[in-house]
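The values are calculated or read from the model by the stated rules, or taken from the named source; none is laboratory data. Nothing here was measured: the structure is a model prediction, and the numbers come from that model. FYI the Cβ positions are ideal-geometry reconstructions off the backbone, even for glycines, and counts take in every protein chain you see.
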Amino acid sequence: MAGGATPTPTPDTAPFWEAAKEDRLAIQQCRSCDRHYFYPRDYCPHCSSSEVTWHDVAGNGRLVSYIINYRPFPPANPDIPQIIALVELDEGVRMLTNIVGSPAEPDALPLDAPVSVTFEPRGDWKLPMFRLDGAR
Amino acid sequence: MTATSTHGVTSMHGGNVAVVGAAETTEIGVLPEMSTMQLHAQAAHNALADAGLSPADIDGLATGGPLPMEVSHYLGITPRWVDSTMVGGCSFMLHVRHAAAAIAAGAATTVLITHGESGRSRIGMSRYSGMVTDTASGQFEVPYGSLLPYATFTVPALRFLHDRGMSRTDLAEVVVAQREWAMLNPRAFRRKPITADEVLNSSPPVAYPFTRDMCCVVTDGGGALVMTSAQRTADLASGDRAVYLLGSGEAAESPIMSQMTDLSSFAAFRRSSAEAFATAGLEHDDIDHLMGYDAFAHLPLYILEDLGFVARGESGGFIASGATRPGGSLPMNTNGGGLSYTHTGMYGMFAMQEAIRQLRGEAAAQVPGVRTSFVQGVGMYFAASSSLIFSNQRP
């Protein structure tokens, strides 16, 4: 297990982490301008509306960039390279995450590859991570 | 000197405000015998000596890292103006801009800006060593291992290269070009000649696509600047070496990497540099020398394109052509940069120091005839930007 730091949810982000604990990827959408956004906030960053709502998304997207970190920082296991990636969801929001289920090798990680969410336990919580479609 | 200014508000740009003292710590590199505060204090005294001034002449103080009163009290300064703007490594460049505004408005007469950081030896640095897990970064980056600069700042680079049909070789060529400058500079931390092949294949991997030599050095050191109005430079022993601020800009974007507006072009670079050119009334062809904050090898590529010195996709070819190397048309990062000269954790002060040395004709690798220098900084990874245009001539 690669391991790593455990997030400390705050009142504005708790719905995201509570959903992840139940294997749901919840993001916010503005009722006024209909746009999704990430990271969690009380006001829509696009139109400033406070009429925002949470809803579950399918967790499908594409790999837009990544590094293979050969020097993970404790509490992550320094001997297991991490794939630290940026994923863009179909809803248009971008998240930083880890890619799991693929070898930590550039040839196995083509940019724009389709990815799907998976949930990995971490402390009292679960972290949304992503898997290349077709990976084991 | 009186404590209050009676002059009316004037422009902060156009050469109305000048740098009259500039210095780094006597040594940079590995300095386990000095604390962070000692680095601040030595840099400050070196810059004051360069200006021919003493702490008693200073009525404004700006710093980042320590609070302003930690530095002012340590030095025996009683400021009537302070600035603790902290946006990461380019903070000291924003301090220059803010100091210029304060001096132009009469809120301060003579401002000292200090940087010191025991980035390598970590002496007197415990405040900065904790892992925060409840901020945006702490919740949405740190748990994924995206914490240290090499695991954060680097993440968008593959997208930049991919979108332009560029490759890791373009990152390696940045290292090679800047190493040529470092080889001319006895104070540079990395001075051995290096080839692109060695950067790619002999340098240890850190975070693909980055090898060690594509990542900045990690050092101890400091630097400081003294600024005052151009009118007052005539009264100072250092007045004939004054460097004038012609234009500036600053911009802020997202605190976390995933929220960059565009992964392969930094919007804050574009905004702040455009404002610097506009306020200076200069065009790209007017710039003789460029310092571009290079914590990692992709940054000079972003900077060349986002500032408009080259078109989109041309940055790699421009650097490989030798244009930024000694003898090239746009000498860039002429101290060797963060990649080879020094990088304490916040490099912005050192980028400015090299620009000022070049404009004064005092650089280790002096470029002939430099009249204007553009300094481009970045902060908190791709979160903040500062752009400054200096000249050794008042328009």
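Do we have B:THR152 as in contact (Cβ under 8 Å) with a residue 24 or more places away in the chain and under 24 Å from the mean Cα position of the chain (by Cα) here? So B:THR152 passes the test. Looking across the range A:99-136, the residues that are within 17 Å of B:ARG159 (Cβ to Cβ) and within 13 Å of chain B (Cβ to nearest Cβ) come down to A:ILE99, A:PRO106, A:LEU109, A:PRO110, A:LEU111, A:ASP112, A:ALA113, A:PHE130.
The single residue among B:PHE350, B:PHE382, B:PHE374 that is aromatic (Phe, Trp, Tyr), modelled with pLDDT of 95 or more, buried (at least 24 other Cβ atoms within 10 Å of the Cβ) and under 20 Å from B:HIS13 (Cβ atoms) turns out to be B:PHE374. Out of A:ASP56, A:ASP23, one residue alone is closer than 30 Å to A:ILE80 by Cα and more than 12 Å from chain B (Cβ to nearest Cβ). It is A:ASP23.
I'd like to check something: does the range B:90-112 contain any residue that is in a helix (DSSP H, G or I), buried (at least 22 other Cβ atoms within 10 Å of the Cβ) and in contact with a helix residue (DSSP H, G or I) (Cβ under 6 Å, 6 or more places away or on another chain)? Scanning the range B:90-112 turns up at least one residue that is in a helix (DSSP H, G or I), buried (at least 22 other Cβ atoms within 10 Å of the Cβ) and in contact with a helix residue (DSSP H, G or I) (Cβ under 6 Å, 6 or more places away or on another chain). Number of residues in the range B:146-189 that are in a loop (DSSP other than H, G, I, E, B) and out of contact with any Lys or Arg (no Cβ under 7 Å at 6 or more places or on another chain): the value is 17.
If I filter the range B:116-137 down to residues being within 7 Å of chain A (Cβ to nearest Cβ) and of a type outside the set (S, T, N, Q), which single residue comes out as nearest to A:ARG71 (Cα to Cα)?
Checking each candidate, the answer is B:MET131.
Given the criteria over 26 Å from B:VAL20 (Cβ atoms), part of a loop (DSSP other than H, G, I, E, B) and in contact (Cβ under 8 Å) with a residue 12 or more places away in the chain, does B:SER258 qualify? No; evaluated as a whole, the condition is false for this residue. With respect to A:ARG94, is the statement that it is surrounded by fewer than 19 Cβ atoms within 10 Å (Cβ to Cβ) and either basic (Lys, Arg) or within 8 Å of chain B (Cβ to nearest Cβ) (or both) true? In short, no.
Could you check the range B:193-205 and list, in sequence order, the residues that are over 15 Å from B:VAL174 (Cβ atoms) and either within 12 Å of chain A (Cβ to nearest Cβ) or outside any loop (DSSP other than H, G, I, E, B) (or both)? B:ASN201, B:PRO204, B:PRO205, listed by residue number. At least 1 residues being loosely packed, with under 14 Cβ neighbours inside 10 Å, at pLDDT 95 or above and not assigned by TED's automatic domain parsing to the domain that holds A:PRO121 is the threshold, and among the strands (runs of 3 or more DSSP E) wholly inside the range A:1-88 those reaching it are A:52-57.
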